Amino acid sequence: MYKDTGNKILTMANVIAGIGIAASVIGGIITMQESVLLGLGIVIIGSLLAWVSCLLMAGFGELVLNTLEMVNLLRKANSGASAYHATGMSEAFNRPATKTTQDEKEQRTFQPKLSS
């Protein structure tokens, strides 16, 4: 029931938009018997409103899909973690990771001297 929720949300958004557009067209055709201009307005405005109202739901469905994809990619990346992560070794320098002291930070920062 809760598997593949992102695609289910997208499908539901499309179905609801389709029903809303179909209802607008049918309502517009029925109204055209009395007033053609009013019937065309109902078809056009009703269809646009049905489509726009489902954009938020479709966007949420895509957000769920993208989040699940990111989680899966992170799980794959973490499952192949090297031994350096487990031992506390820094991969960049192949040495134990150490904390940087305040003096080392100040030496790395370029501070231009202003002439007076």
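Values quoted throughout were computed directly from the atomic coordinates according to the rules given, and no laboratory measurement underlies them. Since the model is a prediction, treat every value here as computed from it, not as a measurement.
Extension gain for the segment ARG75 to VAL52, taken as residue separation times 0.36 nm less the Cα-Cα distance, is 4.7 nm to one decimal.
What is region 1-76's relative contact order, in percent, from Cα pairs under 8 angstrom and six or more apart in sequence? Don't skip to the end; give the middle numbers.
Working: 73 pairs, mean separation 31.8, N = 76.
Reported relative contact order: 42 percent.
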